[in-house]
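Take a look at the structure below.
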Amino acid sequence: MTNFPHDFLWGGATAANQIEGAYDQGGKGLSIQDVLPQGALFPPVEQPTPDNLKLEAIDFYHRYAEDIALFAEMGFSAYRFSIAWSRIFPQGDEESPNEEGLAFYDRVLDELEKHGIEPVVTISHYETPLHLAREYDGWTDRRMIGFFERYAQVLFERYGSRVRYWLTFNEINAILHMPLQAGGILTPKDQLRSQDLYQAIHHELVASARVTRLAHQMMPEAQVGCMIIAMPTYPLSPRPDDVLAALGAEQANYAFGDVHCRGEYPGYFLRVLREQGVELEITDDDRQDLRNTVDFVSFSYYMSACETADESQRIPGRGNVIGGVPNPHLEASEWGWQIDPVGLRIALNDYWDRWQKPLFIVENGLGAQDRLVEVDGVMTVEDDYRIAYLNDHLYQVGQALEDGVDVLGYTSWGCIDLISASTAQISKRYGFIYVDRNEDGSGTFQRYRKKSFHWYKETIAAGGANL
Ligand code: BGP
């Protein structure tokens, strides 16, 4: 039996581009996601094409009230969602915001308030305005810092009295692997110079710190967090070289948390830059800005991985953005993401020891192909596999709490079925709520409660005592 604190935030998470649809309504400009058609994550196309499921997604733009009511029925105390930058600044670099876009999120916040659900807002979730990608090559350009700050300022002015928890960039370390999605960088990855990639990372880190300072100035109650992909990496063998290789893989992720929590670049990261011949342009102001550290660390956790120094054993595994070498002791999901609930407890202990900041698990879940069936006259999905995955991970969160780790909350990824980020398909489903939409775009968009819906409701009501 596990004791979750009374004020533990229980909920779910989504991202604008994966749920809203209405890609050209309400004055919204195009984002990079609108030109990444189904099944293709690169290269982007010139114009949105009908095979891109994200254009309509699950139509949250029109159905948000119904969806939030379902979240409330499960007992959510928190809902993490992102604001689509291109709804607020359609191009990204204009002077004044789009009122219709701002009004949409007012309505979403009204609904959350009505149900007593705490909003957790991601300012940028893989949806850079397309114009910023085309004109500036995204975050490679220093001017992006100013555009992002202006955008954040508008959000803080408008929603500051209603939103306490803010996340700056979704999975900020993903830029190392997906420069377009995470950094709005159109230059293909294999042509992108390390110099430009790391300069873009630096710009994002400075922007994150500046926005953190702004939040603290404008909203004394605000809690600002960074957001990283957590992927505990085990040595494939106890050989010291393998242990060091695993540490190196961890450090590629730690670096982003270290800068956000300690306010400066760690030595091992500077060494990577030296070895790659990268000379960052860092101004004195940048150094000062980076000192604005975050209040908490949030992360996604889907899987762990292994690493080895032995090239012949470095079989590339599949996984969430970062692959890693497969672990022979673990099972995997249908998409090859290895399932490791204990890894979540390890990450929680590790991050708590390292940063001594409250932690927030803002993504975790199982992508699976679900089948809608009729049980006692009610349409549902018997997703016992998802219940098992979530139960085992939440049990380990409980163990970490017993270990003394400060955990603010848990928002399960894709609490309602949405369009997958890596496959751009709907058939990789995470939700407690099934959405009737098919790969060819057909479907009624009707919502159905899965078996896991009832399980999560019970779990929240029991405060985790049933895990
Ligand atoms: C994370 C992203 C999410 C989400 C999730 C699941 O990397 O932050 O946007 O999609 O992974 O990934 P996928 O949709 O590829 O299964």
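Every number here is computed from the coordinates shown, using simple stated rules; none is lab data. Nothing here was measured: the structure is a model prediction, and the numbers come from that model. As a convention, Cβ positions derive from the backbone with ideal geometry for all residues, glycine included, and neighbour counts pool all protein chains shown.
At-a-glance table
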| quantity | calculated |
| --- | --- |
| Net charge of neighbours whose Cβ lies under 15 Å from the Cβ of H216, counting Lys and Arg as +1 and Asp and Glu as -1 | 0 |
| The stretch 242-303: trypsin sites (Lys or Arg not before Pro) falling in loop per DSSP and having at most 16 other Cβ within 10 Å | R291 |
| Within the stretch 303-410, GluC sites (Glu not before Pro) in DSSP loop having at most 12 other beta-carbon neighbours inside 10 Å | E331, E334 |
| F42 paired with K451, simple spin-label distance in nm, labels 7 Å along Cα-to-beta-carbon | 4.0 nm |
| For V35, net neighbour charge (Lys/Arg +1, Asp/Glu -1) across residues whose Cβ lies under 14 Å away | -2 |
| 3J(HN,Hα) from dihedral phi, the stretch 208-215, Karplus parametrisation 6.51/-1.76/1.60, rounded to Hz, x for glycine, proline | 4, 5, 5, 5, 5, 4, 4, 4 |
| Relative packing of peptides 367-373, 22-28 - highest average C-beta neighbours within 10 Å first | 22-28, 367-373 |
| Theoretical FRET efficiency, 1/(1+(r/R0)^6), r = Cβ-Cβ of K189 and R213, R0 41 Å, to 0.05 | 0.85 |
| Hull-based mean projected area of the chain, where the convex hull spans the alpha carbons, in square nanometres | 21.0 nm² |
| Cα gyration tensor shape of the stretch 236-289, rounded if a/c is under 1.5, else prolate or oblate by comparing a/b with b/c | oblate |
| Residues of type lysines that K28 reaches as a straight line, Cα spacing below 21 Å, ignoring anything fewer than 8 places off in the same chain | K54 |
| Sorted by Cβ density within 10 Å, fewest first, the residues M379, M178 | M379, M178 |
| Aspartates and glutamates whose Cα lies under 12 Å from that of K357, excluding same-chain neighbours fewer than 8 positions away | D258, D295, D406 |
